[in-house]
Amino acid sequence: MRESEFIRQNKEKWQYFERLSKTSGSNPDEFHKLYIEITDDLSYSRSHYPNRMIRVYLNNISQKLYHSLNKNKKTGMNRFLNFWKFDLPQTMWNSRKEVLASFILFWMFFMVGAFCAHYQPDFVQQILGPEYVSMTEENIAAGDPMGVYKDSNELSMFVGISFNNIMVMAKTYLFGIFSLIGTFIILLYNGIMIGSFQYFFIEKGLFWESFSTIWVHGTIEISCIVLAGAAGLVLGKGWMFPGTYSRLQSFLIQAKRSTKIIVGTAPFVFIAAFIESFITRFDDTPIAFRLLFILVCAILMIGYFIVYPWFLNKTSQLKEEKIEVPLTTNHEFKLKNQIKSPGLIITDSFYLVKTNFKKLIIAYSLLVFIISGLTWAILNIDQVLKNDFFSIYNYYYSSTLVARFEELNIIWLLVFVLTTSFIGYYSQKLVYRNLNLKIKPVQVFLHCLIAFSIICVLLTFNFHLIAFAGIIIFPLLIIPVFASASGDYSFFEMIGSGFKVLRYNFTSVLLVGLSWLFFSYVILYLIDFLLGAESFVNYLISMHFEQFESYEIFNSIYLLSIDLFKVAIISTLFFFLQLQVFYSYREITESNGLRDKIHSLIRNEG
């Protein structure tokens, strides 16, 4: 290629970098991508134009890039703001068709629910349940139709509603995998339920009273369900319509896009839960103020998720989306010397699961078999422990895992800590061994024991609340394990490494943590649905073996094994995610990889 043609093709990129380097608060991810492109250009110019000024020019801007990246180490807040200012709006604009489809479907089913409630009097009881309808009718008779929002303590109500809304979003989103039909069914159910619920109050002559109370929190809450439906449609589209990509590649591309929608919606779920728990109960506030509040919430949701992306696109502030094709045939996992975006961290974590799938399944199976067997032996030997175990776990729980933390005993403490500590050690071993790195097994295992003992005790106070807060708390306890394994930190530096990661890489910790929490709840839900206490499988077990004397202990050990399997899966995913967050932080603060590559280029220039 002629030098003039080379310059013509790339000068806009180089000029863009020079403008970017003069702008404060620039996105570090853009700097990193430009570094790769510009150093490639420098290598090309060194080979083809060794004695020309273009080589000197590119060498200078490469050094500028190095200094800019070192000068702006604290990138967490900038990346966090950039996500809300540009990344999420761009995703919403690119997914506008799915948002519109989800919106139309939901409100169409809402009207169907209201229509059915009008023409079939017992329809509301069939959808909402006779107990809920009877309670609401009693509240109406007592002159307090919205009394359901005042029955519980504000904080416990907030935690319960947050968990419920997260699960509704999880199902609406994840069920998009099932050929789009799953998301369609969840939208259908929620639309019909809310439509019939609203018409129930209309029929009682309480339209304005119910509308001005329910939609105080419902405006944001229902908007989140619609957005989760849009994310589910995006996810399903990737699986159903791969285009020129492989089905898996298309699925992962759309999964990354849809996950941004879910992560961006998550804070609004908690806002809606807070409003429902702390504000909706004040139904004696003048209707005008409540209607004004509803209008403000509607403007917030429509303004940010619809109008703002449209405005950015209209004013050409949105760039053309760059699609990074995952898991190509030459995909290479890198742990060290790379700053990873949250999306890449998540993609690489699932890549690690995929490449180590057989080893993980064997490890899970052996671990669960050994621990369950030992538990069985202990329960048959010690009658006191046996009675303690059965006093809690011989009942049918919708989630036995939650029940174990709510009423902690010594058996579950030991079982949980040993399982998670082994998984923590084994997960790191798999990653380090593939990269020809060494790990100190005893040291890592002991640190895991300490960290997970603390986590287990914390979860006993309030499982759901600590699980939500865990996206920040758990990395503080686990990241020192990685610092210890690296061997590059003193004792006090190792203890404080979690806080430093939060300080320098807060955005990644937050977004990765939210994604892990979301996928964990999805995994728990699916395993409980397929194999848990209320599953068809457990029903078959009870039907065929309940008459045997040892059935009670057998069923308890079976449920324990299922819970250990769940813990093993979500712990593995957590370690894969946080290990990459830690090494990404190291590259942000130390720039070892960047320094080595640029110095290598500069030495070659000399």
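If I model a spin label as a point 7 Å beyond the Cα along the Cα-Cβ vector, how far apart are those points for Glu131 and Val56 in nm?
8.2 nm
Could you pull the accessible area for Met543 with a 1.4 Å probe, rounded to 10 Å²?
100 Å²
As a test of reading the structure, rank Lys566, Lys171 by solvent-accessible area (1.4 Å probe, protein chains only), most first.
Details: Lys566 0, Lys171 60 Å².
Accessible-area ranking of Lys566, Lys171, largest first: Lys171, Lys566.
For a quick check of understanding: with a 1.4 angstrom probe and all protein chains in place, what accessible area in square angstrom does Met494 have, to the nearest ten?
Ignoring ligands and nucleic acids, Met494 comes out at about 10 Å².
By how many degrees, between 0 and 90 and to the nearest 10, does the Cα long axis of helix 551-590 differ from the longest principal axis of the chain?
Tilt of helix 551-590: around 30 degrees.
How big is region 141-224 along each principal axis, measuring the range of its Cα positions in Å and listing the largest first?
For region 141-224, the Cα extents along the three principal axes come out at 46, 31, 19 Å.
Sorted by accessible area (1.4 Å probe), largest first, how do His464, His544, His217 line up?
On the way: His464 35, His544 100, His217 10 Å².
The most accessible residue leads, giving His544, His464, His217.
Quick one: which of 39-45, 370-376, 194-200 comes out on top by average Cβ neighbours within 10 Å, and what's the full order, highest first? Intermediate values should be presented prior to the final figure.
Working: 39-45: 18.1, 370-376: 16.4, 194-200: 22.3.
Top of the packing list down: 194-200, 39-45, 370-376.
Counting only heavy atoms of protein chains, what accessible area per residue, in Å², does the chain have with a probe of 1.4 Å? The partial results should precede the final answer.
Values: 28990 Å² over 606 residues.
Accessible area per residue: 48 Å².
Return the carbon/sulfur percentage of the accessible area of the chain, one whole number, probe 1.4 Å, all protein chains in place.
Working: 18650 of 28990 Å².
The C+S portion of the solvent-accessible surface of the chain is 64 percent.
Please tell me which of these pairs span more than 26 angstrom C-alpha to C-alpha: Lys358/Lys566; Lys237/Lys334; Lys171/Lys354; Lys171/Lys336?
Details: Lys358/Lys566 17 Å; Lys237/Lys334 29 Å; Lys171/Lys354 23 Å; Lys171/Lys336 35 Å.
Cα-Cα > 26 Å for Lys237/Lys334; Lys171/Lys336; rest within.
Under 12 Å Cα-Cα from Lys440, which aspartates and glutamates qualify once same-chain neighbours fewer than 8 residues away are excluded?
none
Identify, among Ser210, Leu564, Asn538, the residue whose Cα sits farthest towards the positive end of the charge dipole of the chain, taking +1 on the Cβ of Lys and Arg and -1 on the Cβ of Asp and Glu, with the dipole about the Cα centre.
Farthest along the dipole direction, towards plus: Leu564.
Students often check this: by mean Cβ neighbours within 10 Å, which of 445-458, 134-147 ranks highest, and how do the rest follow? Spell out each step's value before the answer.
Details: 445-458: 18.6, 134-147: 14.3.
Order by mean packing, descending: 445-458, 134-147.
Taking all protein chains together and a probe of 1.4 Å, list Trp208, Trp93 from the most accessible to the least accessible. Present the calculation step by step, with values, prior to reporting the outcome.
Numbers: Trp208 145, Trp93 55 Å².
Descending order: Trp208, Trp93.
Picking from Tyr44, Phe80, Leu459, whose Cα lies most toward the positive end of the charge dipole for the chain (charges on Cβ: Lys, Arg +1; Asp, Glu -1)?
In the chain, that residue is Tyr44.
Quick one: dipole size for the chain, taken about the Cα centre, charges +1 on Lys/Arg Cβ and -1 on Asp/Glu Cβ, in debye to the nearest 20. Don't skip to the answer; put the middle values down first.
On the way: 50 positive and 45 negative charges, 744 e Å.
With only Lys, Arg, Asp and Glu charged at Cβ, the dipole is about 3580 debye.
Quick one: which of 465-473, 184-192, 531-539 comes out on top by average Cβ neighbours within 10 Å, and what's the full order, highest first?
Numbers: 465-473: 17.4, 184-192: 20.9, 531-539: 15.9.
So the peptides 465-473, 184-192, 531-539, ranked by packing, come out 184-192, 465-473, 531-539.
Counting C-alpha atoms alone, how compact is region 119-263: give Rg to one decimal and Dmax as a whole number, in angstrom.
Here Rg and the maximum Cα pair distance are 18.4, 62 Å.
What aspartates and glutamates sit close enough to Lys204 to cross-link, taking a C-alpha to C-alpha distance under 16 Å and skipping anything fewer than 8 places away on the same chain?
Result set, ordered by chain and number: Asp122, Glu137, Glu138, Asp144.
Note down the magnitude of the dipole of region 188-301 about its Cα centre, charges +1 on Lys and Arg C-beta and -1 on Asp and Glu C-beta and zero elsewhere, to the nearest 20 debye. Write down the numbers at each step before the final one.
Numbers: 8 positive and 6 negative charges, 146 e Å.
Once rounded to the nearest 20, the dipole reads 700 debye.
How much length, in nm to one decimal, is gained on full extension between Tyr16 and Ile181, taken as 0.36 nm per residue of separation minus their Cα-Cα distance? Kindly include the intermediate steps, with their values, before the conclusion.
Details: separation 165, 0.36 × 165 = 59.40 nm, distance 4.45 nm.
54.9 nm is the gain from fully extending Tyr16 to Ile181.
Find how many whole Å separate the alpha carbon centroid of region 173-204 from the alpha carbon centroid of region 432-510.
If you average the Cα positions of each part, the centres end up 40 Å apart.
For His544 and Lys440 in the same chain, what is the full-extension length gain: residue separation times 0.36 nm, less their Cα-Cα distance, in nm? Working shown, then result.
Details: separation 104, 0.36 × 104 = 37.44 nm, distance 4.73 nm.
So the extension gain works out to 32.7 nm.
What is the local net charge at Val133, summed over the other residues whose Cβ is closer than 12 Å to its Cβ (Lys, Arg +1; Asp, Glu -1)? Each step should come with its number before you reach the end.
On the way: positive: Lys204; negative: Asp122, Glu131, Glu137, Glu138, Glu203.
Within the 12 Å Cβ shell, the charges total -4.
What is the local net charge at Lys438, summed over the other residues whose Cβ is closer than 14 Å to its Cβ (Lys, Arg +1; Asp, Glu -1)? Could you put the intermediate results ahead of the total?
Values: positive: Lys336, Lys429, Arg433, Lys440; negative: Asp488.
Result for the local shell: +3.
What distance in nm separates the two pseudo spin-label positions at Val402 and Met1, each 7 Å out from Cα along the beta-carbon direction?
5.8 nm
Please report the base-10 log of the normalised intensity I(q)/I(0) for the chain, using a Debye sum with one equal scatterer per alpha carbon and no solvent, at each q in 0.09 (1/Å).
Debye intensities relative to I(0), on a log10 scale: -0.85.
The values are calculated or read from the model by the stated rules, or taken from the named source; none is laboratory data. All values derive from a computational prediction rather than experimental measurement. Glycine gets a Cβ as well: all are built from the backbone with ideal geometry, and neighbour counts include every protein chain shown. Ligands, DNA and RNA are stripped out before the accessible areas are found, and what is left, the full protein with its side chains, is counted by its heavy atoms. Shrake-Rupley method; radii C 1.70, N 1.55, O 1.52, S 1.80 Å.
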